[in-house]
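Working notes for the structure below.
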Amino acid sequence: MKKLIVLLGLALALSSCEVKSNLYNWGNKSSSKNATEYESSVYNYYHSQSPESLCALLCEYEYMVTHPGGERGVVPPGICAEYGYLLLSPNTPQIFSQHATKRQKEQFSSGDYNATFREKGMLMLQKEIELYPESAVFIQPLIKKFSQQ
C-alpha cells in the first residue's frame with residue numbers, strides 16, 4: 001500500500017509538469033537580450049529607420065512567412081499584414097535594391113523588386129484576412145488604397 005501511494009504521488013508530480021509550447025513561431029532566439037530575431041529586427045528598424053534595418057526586417061518577415069511553426073503551424077497574427085504593408089510602402093523596392101546584401105537579395109528571386117514587392121505585398125494582405133478573418137475590417141481599406149495606386 002505504501003508503494004502504491006508513493007507511485008501515485010510520483011505520477012501526480014510528474015503529470016503536473018508543464019510542457020511549454022508556443023502557438024506560433026516568432027523566430028529563432030538572437031544573441032542579444034534573449035529576444036527573437038523578429039523582435040530584434042523590428043526594434044532595429046523602428047529605432048534606426050536605416051535602409052539596412054529595413055532590408056533585415058523584410059528578410060525576417062519573408063522567413064517567418066515561408067517557415068511557419070509553432071503548435072498551429074501558421075504565421076503569427078499581424079505578420080502578413082505588417083510584411084505586406086512594408087512591401088507596398090513607397091520607396092521600399094528602391095531601398096532594398098540599393099542596400100540589401102547579396103544574401104538578402106537571394107531570398108527574393110526577382111531582380112524587378114517593384115513588381116515582386118507589389119504582387120507579394122497584396123498577397124500578404126489577402127493572406128492576413130484568410131488566416132485571421134477578423135482582420136478584414138482593418139486590411140480591406142489597405143487593399144483598396146494600394147489597389148488604386
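Residues with amide H under 5 Å of residue 36's amide H, sequence separation 5 or more or different chain, H placed in the peptide plane at 1.01 Å from N; which?
Excluding prolines and chain starts, which carry no amide H, the hits are 30.
Using the C-alpha gyration tensor of region 60-149, what are the square roots of 5 times its eigenvalues, in whole angstrom, with the largest one first?
Working from the Cα gyration tensor, I get semi-axes of 22, 18, 8 Å.
Stretched out fully, how many nm does the piece from residue 22 to residue 89 gain, at 0.36 nm a residue minus the Cα gap? Could the numbers behind the result be given before it?
Numbers: separation 67, 0.36 × 67 = 24.12 nm, distance 3.09 nm.
Additional length available on full extension: 21.0 nm.
Karplus couplings for region 108-123 from phi (6.51 cos²θ - 1.76 cosθ + 1.60, θ = phi - 60°), rounded to Hz, Gly and Pro as x?
10, 5, 9, x, 8, 5, 4, 5, 4, 5, 5, 4, 5, x, 5, 4
What is the fewest-to-most order of 87, 142 by other Cβ atoms lying within 10 Å of their Cβ?
Sorted ascending by nearby Cβ count, the order is 142, 87.
Quick one: Karplus J couplings for region 62-73, per residue in order, coefficients 6.51, -1.76, 1.60, θ = phi - 60°, nearest Hz, x for Gly and Pro?
4, 5, 5, 6, 8, 10, x, x, x, 5, 7, x
Mind checking the full-extension length gain between residue 102 and residue 49? Use 0.36 nm per residue of separation minus the Cα-Cα distance, one decimal, nm. Don't skip to the end; give the middle numbers.
Numbers: separation 53, 0.36 × 53 = 19.08 nm, distance 2.05 nm.
Answer, rounded to one decimal: 17.0 nm.
FYI, it's all coordinate maths here, none of it is from the lab. Everything numeric here is computed off the predicted structure, so don't read it as measured data. Quick reminder, even Gly has a Cβ in these numbers, built from the backbone with ideal geometry, and neighbours come from all protein chains shown.
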